[in-house]
Amino acid sequence: MITNISLMSVFVNDVDEAKEFYTEKLGFEVKNDVKLPDFRWCTVCHPDHPELELQLALPGPPLDEEATAAVKRMMAKGTMHGFGIATDDCRKTFADLTAKGVEYIQEPSDRPYGVEAVLRDNSGNWLVLVEQHPYTAEDFT
């Protein structure tokens, strides 16, 4: 039986710079950082949720050259997918992160499900801040 999501990966331009971003800007902790001759396994996690690791991965094998090039183009354009980050106060978290130099795409705005803002990490991945409020399907009509 599946019990949880334990790992997700984001593509980054530079593992050291991404590790610094996620730890210094977002307050994550390094969970693993294993350097091998031709590979690096680096994961970070939120201190309150060490069971969910975020792998900071360079585009490359096992992707083929064409897929690697496509990922790098998306990263360069700042259009890479990302992930959602829960917050108890979206506007305050947004202000704190932008004061630390985190780039934003969308300022906090009210949505049927709460307050949402969209930021970007230093590799172009979108980070969606969500302060979720109770909602029903009717709130979207």
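The values are calculated or read from the model by the stated rules, or taken from the named source; none is laboratory data. The structure presented is a predicted model; accordingly, all values stated were derived computationally and were not measured. Note that we place each Cβ from the backbone using ideal geometry, even for glycine, and neighbour counts take in every protein chain shown.
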Can you find a residue in the range 119-127 that is in a strand (DSSP E or B), at pLDDT 95 or above and surrounded by fewer than 18 Cβ atoms within 10 Å (Cβ to Cβ)? no
Among the residues of the range 1-32, write down those that are aliphatic (A, V, I, L, M), surrounded by fewer than 16 Cβ atoms within 10 Å (Cβ to Cβ) and within 14 Å of the chain's Cα centre (by Cα). 7, 8
Quick count over the range 60-112, residues being under 30 Å from residue 137 (Cβ atoms), assigned to a helix (DSSP H, G or I) and of a type in the set (D, E, K, R), is 2
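This table checks each residue for (1) modelled with pLDDT of 95 or more; (2) in contact with a strand residue (DSSP E or B) (Cβ under 9 Å, 6 or more places away or on another chain); (3) farther than 25 Å from residue 100 by Cα; (4) among the small types (Gly, Ala, Ser).
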| residue | (1), (2), (3), (4) |
| --- | --- |
| 7 | yes, yes, yes, no |
| 12 | yes, yes, no, no |
| 18 | yes, yes, no, yes |
| 29 | yes, yes, no, no |
| 39 | no, no, yes, no |
| 48 | yes, no, no, no |
| 76 | no, no, no, yes |
Hey, among 23, 43, which residue is assigned to a strand (DSSP E or B), at pLDDT 95 or above and β-branched (Val, Ile, Thr)? 43
